[in-house]
Amino acid sequence: MKLQDLLKGIDVVNIKGNGDALVTGIFTDSRKAIAGSLFIALKGVQVDGHQYIKNALDLGAKIIVHQDDVDFEVKDITYIQVKDSADAAGKIATHWYGDPSSKLKLVGVTGTNGKTTTATLLYDTFRKLGYKAGLLSTVANYIDGQVFHAPHTTPYPLTLNEVLAKMVDAGCDYAFMEVSSHAIHQKRISGLTFAGGIFTNLTQDHLDYHKTMAEYLKAKKTFFDNLYETTFALTNVDDINGLVMLQNTKAEKKTYSVRSLADFKGKIIEKQFDGTAIEINGRELQVQFVGVFNVYNLLAVYGASVSLGQKPDEVL
C-alpha cells in the first residue's frame, strides 16, 4: 500500500526520506517487522516503542513513524514524525484494513459495569432479528457465530481493525464492542467510525491507571465527545455522571432510566426467582433476567436497537 494513503488524516510534523514509499506491512511490535514494513513507535504506559526502532530496522522495516525526536538516522529509511503516535497508529491501521468500521454499523459500549452483558445482548438481539453481526468483548470476539479469543477488552488498533475487516468479509451488517477507559485513553479506537455509543454507569475502578475519578470520567466522556452528528449517544441518566457524557457530544442524545423521565423508561413490575416482569415504555414483558442492574442492561439494548432503526415491537 502507498505510504501517502496510510497517512491521510494524521497530524504529520515532518517527513524525512521517501514519502511515496510502498509499505509491505504495519507493526507496533518491532519483533514482527518484515522487509519493507512500517513500524510505529508507540509511547506506552510501561514501554516506549522508540527504544525498539533499531530492532525493527534490523528486521527490514523501511518506514518509521515516531512521536519523539530520534537520535540516529539510517540511509534509505523514511522517518515520519507525528504529533501523536497512538492516534496515528489507530488511523494507519484503519487505512491499512480498508476502513472496515465505516462499512459496519458499529456501536461502542462504555462504563464500569454492564459493558459485556449489554454488548453481548445487542449482538444476540440483532442476530435474532436476522442480521449478521460481530462482537468484541472481554469474554470473546464473535463473527456471526464463530468465536475468537479476546486478549483485551478492547484490542489494540491493528488487531481491532483486522477483526472488523473479517466481520466485513463475513457480510456482517452490525458490530458491537466494549470500549474500555484504557482503550479510550490510549487512543486504540482512533480512526474508527461509530454508529453510536452507550454509557452504562461509573463506579470507582481502574484508579491504579487513571489515578483519580476525574481522569476516569474524562476518559469515558472523550468517547462521546468524538461521536459524529449522524450517530446516537445513549446514556443512563440514573447514574450521577450520565448526563455529563452528553454535555459536549454532537450525536443525537438519548436517555434511559428506571427512576426518571427518559426516552427509554423501564419499570420493575414483579421480581421472581427465574426472571422479572418489567415494563419498557409502557409495554409489559417477561424476561429471564434477575436484578435491577439487568433491567438497566436491557433498557440500553432496547434503546440502542431502536436508535439503530429497529421496530420497537420487534426488539421487545
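One entry in [x] 15.7; [y] 16.8; [z] 18.8 is mean projected area of the Cα convex hull in nm² calculated from the shown coordinates; its label is [y]. In the range 65-192, a dipole from Cβ-located charges (positive for Lys and Arg, negative for Asp and Glu) runs towards its positive end, and of Phe126, Tyr174, His66 it is Phe126 whose Cα lies farthest in that direction. Checking the cross-link pairs Lys254/Lys311; Lys2/Lys132; Lys128/Lys267; Lys115/Lys221; Lys187/Lys250 against a 22 Å limit on the alpha carbon distance flags Lys2/Lys132; Lys128/Lys267 as lying beyond it. Dipole size of the chain about its Cα centre, with +1 on Lys/Arg Cβ and -1 on Asp/Glu Cβ: approximately 220 debye, rounded to the nearest 20. With all distinct Cα pairs included, what does the Kirkwood hydrodynamic radius of the range 1-116 come out to in Å, to one decimal, could you say? One decimal place: 14.9 Å for the Kirkwood radius.
Counting only GluC sites (Glu not before Pro) that sit in a DSSP loop (anything but H, G, I, E, B) with at most 11 other Cβ atoms within 10 Å, what is the longest stretch of the chain containing none of them? Value returned for the longest uninterrupted segment is 74-228. The charge dipole of the range 6-102, taken about the Cα centre with unit charges on the Cβ atoms of Lys, Arg (+1) and Asp, Glu (-1), comes to about 220 debye, rounded to the nearest 20. Report summary: the helix-based calculation at 222 nm, which adds -39500 (n - 2.57) for every DSSP H run with n ≥ 4 and divides by the residues of the chain, gives -8000 deg cm²/dmol. What the Cα convex hull of the range 204-316 gives, in volume per residue, is 111 Å³. Over the range 39-196, the fraction of Cα-Cα pairs per 10 Å bin, rounded to whole percents and listed from the shortest bin up, is 11, 37, 28, 17, 6, 1.
Placing R0 at 25 angstrom, the Cβ-Cβ distance between Phe72 and Val47 gives a FRET efficiency of 0.80 after rounding to 0.05.
The packing ranking, built from the mean of other Cβ atoms within 10 Å per residue, places the peptides 8-16, 235-243, 51-59 in the order 235-243, 51-59, 8-16, highest first.
Computed from backbone phi, the HN-Hα couplings of the range 49-61 come to x, 4, 5, 10, 4, 4, 4, 5, 5, 4, 8, x, 4 Hz, rounded to whole numbers (Karplus: 6.51 cos²θ - 1.76 cosθ + 1.60, θ = phi - 60°; Gly and Pro given as x).
Given R0 = 45 Å, the distance between the Cβ atoms of Lys54 and Lys2 translates into a calculated FRET efficiency of 0.95. Here the dipole of the range 240-308 is about 280 debye; that uses its Cα centre as origin and unit charges on the Cβ of Lys and Arg (positive) and Asp and Glu (negative).
All of the numbers you see were taken from the coordinates with simple rules; none came from a lab. Predicted model, so just to flag it, every value in this text is computed and none were measured. Don't worry about glycine lacking a Cβ; one is built from the backbone with ideal geometry, like all the others, and counts go over all protein chains shown.
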